[in-house]
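These notes are about the structure you will find just below.
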Amino acid sequence: MKKSLAKWHIHAVSALSVLFVLFSVGAAGFIKIAREVSERETKGFDESILKALHAIASPVLDTLVVATTDLGGWMVIIWGGLIFTWLVMKKKWYKAIIIGAGLGGAEVLNLILKALFARPRPELWERLIVEQSFSFPSGHAMASSALAFTVILILWRTKWRIPGLIGMLSSMVYIGFTRLYLGVHYPTDIVAGWLVSGAWVSLVGFVVAYYARRTNTVTQSHSHDS
C-alpha cells in the first residue's frame with residue numbers, strides 16, 4: 001500500500017507541475033501579445049499574413065470555410081454539453097468539472113477580454129460573413145481550443161491520448177485558419193485565444209488535480225490505517 005501511495009504521489013505531483021508550467025507559459029505569452037497589440041506593434045505582421053491567405057481564396061474554399069467555421073462557435077457549446085452530460089452520467093465528476101469549467105470559463109473570459117481591449121476587426125476586403133463583436137482575442141479560437149485542451153486533458157491517461165491529441169489540435173488549428181481566411185480576425189487574435197484558453201484550462205486542471213490529490217491521499221491513508 002505504501003509503495004502504491006508513493007507512486008501515485010509522484011504521478012500527481014508531476015501532473016501538477018506540468019499544468020502549472022503550461023499555465024505560466026500560456027499566461028505570459030498572452031500578456032506579451034496583448035501588450036504588443038495594444039501598442040499596435042503587430043499591425044504589419046497581421047496584415048501581411050491575412051493578405052497572403054486572401055491570395056489563395058477560391059469559390060470552393062469560400063464555400064467550405066463559410067460552412068465549417070462555426071464548428072468553433074456555437075457547435076463547441078453543443079459538443080461540450082454532450083461530453084459534459086456523458087461524463088456526469090458515468091459519474092466521472094472530476095472530468096465533468098474540467099469540461100464544464102474549462103469551456104464555461106473560456107467563454108466568460110472571452111467576453112471580458114474583448115470588452116477590455118475593444119480591438120476593431122480587420123477591414124482589408126469585403127468579408128463573406130459579418131461579425132459584430134470586437135476582434136481580440138478570437139472567440140472561435142478560444143472556444144475551439146478550450147474544447148481541444150479539455151478533451152486532451154481528460155483523455156491523457158487513456159488509450160485515446162494520441163488520437164485525441166491529433167484530432168483536437170487539428171480541429172483547433174483548422175478553425176483558426178477559417179477565421180483568418182474569412183478576414184474576421186488577425187493572426188494575433190487567434191494565437192492570443194489559444195494561449196489564454198491554454199492557460200485557463202491548465203489552471204482548471206491544476207485546481208481539479210490538486211483537489212483530487214488531497215482527496216485520494218486522505219482516502220488511501222484512511223484505508224491504510226484500517
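Does SER171 count as buried (at least 16 other Cβ atoms within 10 Å of the Cβ), of a type in the set (Gly, Ala, Ser) and either modelled with pLDDT under 95 or within 13 Å of the chain's Cα centre (by Cα) (or both)? Let's see the steps before the verdict.
Values: buried (at least 16 other Cβ atoms within 10 Å of the Cβ): yes; of a type in the set (Gly, Ala, Ser): yes; either modelled with pLDDT under 95 or within 13 Å of the chain's Cα centre (by Cα) (or both): yes.
So SER171 passes the test.
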Test LYS91 against the stated conditions and say whether it is outside any loop (DSSP other than H, G, I, E, B) and charged (D, E, K, R).
-> no
If we keep only residues of the range 151-167 that are without any contact (Cβ under 8 Å) to a residue 60 or more places away in the chain and within 13 Å of GLY198 (Cα to Cα), then the residue surrounded by the fewest Cβ atoms within 10 Å (Cβ to Cβ) is ILE152
Have a look at ARG179, ARG161 and point out the one that is on the phi < 0 side of the Ramachandran plot, among the basic types (Lys, Arg) and modelled with pLDDT of 95 or more.
-> ARG179
Of the residues that make up the range 68-75, is at least one surrounded by 13 or more Cβ atoms within 10 Å (Cβ to Cβ) and of a type in the set (S, T, N, Q)?
-> yes
Which one of the conditions (1) out of contact with any Phe, Trp or Tyr (no Cβ under 7 Å at 6 or more places or on another chain); (2) crowded, with 23+ Cβ neighbours inside 10 Å; (3) charged (D, E, K, R) does ASP189 fail to meet, given that it meets all the rest?
-> (1)
Residue count, the range 85-116, condition hydrophobic (A, V, I, L, M, F, W, C) and closer than 19 Å to GLY198 by Cα, comes to 12
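If the requirement is being in contact (Cβ under 8 Å) with a residue 12 or more places away in the chain and not β-branched (Val, Ile, Thr), which of these qualifies: LEU82, LEU50? Can you show your working first?
On the way: LEU82 fails: in contact (Cβ under 8 Å) with a residue 12 or more places away in the chain.
Within the list LEU82, LEU50, the selection yields LEU50.
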Being more than 15 Å from VAL201 (Cβ to Cβ) and in contact with a Gly (Cβ under 8 Å, 6 or more places away or on another chain), is that true of even one residue in the range 54-68?
-> yes
Scanning the range 100-146 residue by residue, those assigned to a loop (DSSP other than H, G, I, E, B), in contact (Cβ under 8 Å) with a residue 12 or more places away in the chain and of a type in the set (A, V, I, L, M, F, W, C) turn out to be ALA118, LEU124, TRP125, LEU128, ILE129, PHE134, PHE136
Which one of these does VAL18 not meet: (1) farther than 21 Å from VAL108 by Cβ; (2) touching a residue at least 12 places away in the same chain (Cβ under 8 Å); (3) under 22 Å from the mean Cα position of the chain (by Cα)?
-> (2)
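Can we say LEU195 is open to solvent by 20 Å² or more (accessible area, probe 1.4 Å), closer than 30 Å to PRO122 by Cα and modelled with pLDDT of 95 or more?
On the way: open to solvent by 20 Å² or more (accessible area, probe 1.4 Å): yes; closer than 30 Å to PRO122 by Cα: yes; modelled with pLDDT of 95 or more: yes.
Yes, satisfied.
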GLY183 fails exactly one of the following numbered conditions: (1) assigned to a helix (DSSP H, G or I); (2) touching a residue at least 40 places away in the same chain (Cβ under 8 Å); (3) open to solvent by less than 50 Å² (accessible area, probe 1.4 Å). What is the number of that condition?
-> (1)
Scan the range 93-131 residue by residue and report those that are surrounded by 15 or more Cβ atoms within 10 Å (Cβ to Cβ), more than 20 Å from the chain's Cα centre (by Cα) and basic (Lys, Arg).
-> ARG119, ARG121
Unmet criterion (only one of (1) modelled with pLDDT of 95 or more; (2) over 25 Å from TRP86 (Cα atoms)) for PHE149 | (2)
Collect the residues in the range 198-212 that are surrounded by fewer than 24 Cβ atoms within 10 Å (Cβ to Cβ), closer than 25 Å to ALA34 by Cα and aromatic (Phe, Trp, Tyr), keeping them in residue-number order.
-> PHE206
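The values are calculated or read from the model by the stated rules, or taken from the named source; none is laboratory data. Everything quoted here is computed from the prediction, not taken from an experiment. FYI the Cβ positions are ideal-geometry reconstructions off the backbone, even for glycines, and counts take in every protein chain you see. Note: accessible area is taken over every heavy atom of the protein model, side chains too, but ligands, DNA and RNA are not part of it. Shrake-Rupley method; radii C 1.70, N 1.55, O 1.52, S 1.80 Å.
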